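Throughout, read-outs are computed from the coordinates displayed, never taken from laboratory work. In this text the structure is predicted, and so the values were computed from the model without any measurement. Neighbour counts run over all protein chains shown; Cβ positions are idealised from the backbone, glycine included.
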Amino acid sequence: MVGGDGLVLTGGAATDAGRVRRLNEDSHVIGAPVYLVADGMGGHAAGERASAAAIAAMSTLVGHEVSPDDVYQRVEAARALVEQIEVGPGREAGTTLSGVVVTQQGGEPYWLVVNVGDSRTYRLADGALEQISVDHSEVQELLDAGDITLAEAPGHPLRNVVTKALGAGGWSDPDYWLLPIGSHDRVLVCSDGLTTELDDLAIAEVLRSEREPQAAAELLVRRAVEAGGRDNVTAVVVDGEQLLDLDATAPRASAVNEAADGDTRPRRPEQGVRR
Ligand code: MN
């Protein structure tokens, strides 16, 4: 996607059921300006339906100029869809949701990071990997309380217990962060099947060495499966690159074009830049 502000977004994604689970209950979307992962829960295909429903709700933003309010509203719509899923007595479908939607604020592009649950959103900027989202998990709460150390977290028996989700029988406010997009930012969004198998050093090494987002996503998922693949694994990688404005006197384009896959269809005019 090339915005009037000179932003180019290039995304890639990979997913694998892993070595233990039969079903892949993760879902994801990559389509400018939407890059998200959902990890469903509930058993007996409920998780698959929950994550797919959440991603379907968010995918309506693909190809549009999006404001933060649009994202907040779609997340609530996603929650409503998940809550409607019927899975039988005593059980509730639920899903995590994590990732970025690129939004416009005052004519500048921002990563709007959303997170509910224990999927994660990271940013690699100037070679440094930073976890933006904070897990909604029992393990994170133990970490926050100082009851366990960072080294004890990955193998902890409660590592799969999430404290917030869309659906799953509870009201859970998502967390949001609005971050200005740097000149060369790379964002990773992943399900916990990746971070259960690979630590941040191993993740950063792949993100730094693989030039193409698609290659980076595939290598991350392959390494996680090779490392054990105890859960479904999904990785979404998106690069945001701010092009220099070589002709500052030229009028700014109000249309947004897809560049990630060579698709140069103009956006519908009524979706023009909001200021
Ligand atoms: Mn998972």
Estimated 222 nm signal from helices in the chain, with DSSP H stretches of n ≥ 4 weighted -39500 (n - 2.57), rounded to 500:
-7500 deg cm²/dmol
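Strictly greater than 19 Å: what percent of every Cα pair in the stretch 1-159 meets that?
60 percent
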By the C-alpha gyration tensor axes a ≥ b ≥ c (rounded if a/c is under 1.5, else prolate when a/b exceeds b/c, else oblate), the shape of the stretch 90-142 is oblate
Note, ³J(HN,Hα) from phi for the stretch 84-89, Karplus 6.51, -1.76, 1.60, rounded to Hz, x at Gly and Pro:
7, 5, 9, 10, x, x
Positive-end residue of ALA52, LEU112, SER98, charge dipole of the chain with Cβ unit charges:
ALA52
Stretch ALA128-GLU205 to full length: gain in nm at 0.36 nm per residue minus the Cα-Cα span?
26.7 nm
Extension reserve of the ALA145-GLU108 stretch, reckoned as 0.36 nm per residue once the Cα distance is removed
9.5 nm
Please go through the stretch 1-95 and write out the GluC sites (Glu not before Pro) that DSSP classes as loop and that have at most 16 other C-beta atoms within 10 Å.
GLU86
Pairing the Cα long axis of helix 213-226 with the longest principal axis of the chain, what angle in degrees results, from 0 to 90 and rounded to the nearest 10?
10 degrees
Loop-located trypsin sites (Lys or Arg not before Pro) in the stretch 160-230 whose Cβ has at most 13 other Cβ within 10 Å (DSSP)
ARG211
Can you tell me the FRET efficiency between ASN160 and LEU243 if r is taken as the Cβ-Cβ distance and R0 is 41 Å, rounded to the nearest 0.05?
0.45
To the nearest 10 degrees, the tilt of helix 68-83 (Cα long axis) against the first principal axis of the alpha carbons of the chain is 30 degrees
Compute the orientation-averaged projected area for the chain from the convex hull of its Cα atoms and round it to one decimal in nm².
14.8 nm²
Could you check which residue among ILE55, ILE181, ILE148 shows the biggest mean-square fluctuation in a GNM of the chain with a 10 Å Cα cutoff?
ILE148
